[in-house]
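Reading through the structure tokens given below for one structure.
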Amino acid sequence: MNVKTSSNLIHDSSFQLIKTLIKIVSTVLISAAILWELGNVYAALNHWQLSDNLTWIFWIDRIALISHGIEGIIAAYYARLQQKNPFQYSIYTFFVGTVGLLELKIGQEETE
């Protein structure tokens, strides 16, 4: 797919709506995962027993946090290559996920 075709696809109104919904849902879920992990640490420090039925939730949120962290590191690297603020892009991409990487990549293609 060339730059012009991908640019037209990215600027389509239905794609913009989907992208916005993904950003909102991803931010809420990553924030909930952070709070869930903080609650788990608090419970462990206070010697509270959590139900064994909740362990699958901890695994899911840890996988999500690790994958979003990796995406944030990748975004920081690419933002630095584009002379943009790597800290800002890494935090943004950590919360919104792959959409942040896509926006960074499209921004790079439009400047070429």
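Only the coordinates and a few stated rules stand behind these numbers; no lab work does. The structure presented is a predicted model; accordingly, all values stated were derived computationally and were not measured. Note that each Cβ is placed from the backbone with ideal geometry, even for glycine, and that neighbours are counted across all protein chains shown.
Could you list E71, E37 so that the one with the fewest beta carbons within 10 Å of its beta carbon is first and the one with the most is last? It would help to have the intermediate numbers written out before the result.
Details: E71 20, E37 14.
Lowest to highest Cβ neighbour count: E37, E71.
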So L17 and I106, fully extended at 0.36 nm per residue minus their Cα-Cα distance, gain in nm 30.4 nm
Loop-resident chymotrypsin sites (Phe, Trp or Tyr not before Pro) in the stretch 36-112 with no more than 11 other Cβ atoms inside 10 Å, DSSP not H/G/I/E/B, are W48
A correct fewest-to-most ranking of T20, T93 by other Cβ atoms within 10 Å would be T20, T93
For L54 and L38, extending 7 Å from Cα along the Cα-Cβ vector and measuring point to point gives, in nm, a value of 1.6
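Starting with the fewest neighbours, write out D61, D52 ranked by other beta-carbon atoms found within 10 Å of each beta-carbon. Present the calculation step by step, with values, prior to reporting the outcome.
Numbers: D61 19, D52 7.
Lowest to highest Cβ neighbour count: D52, D61.
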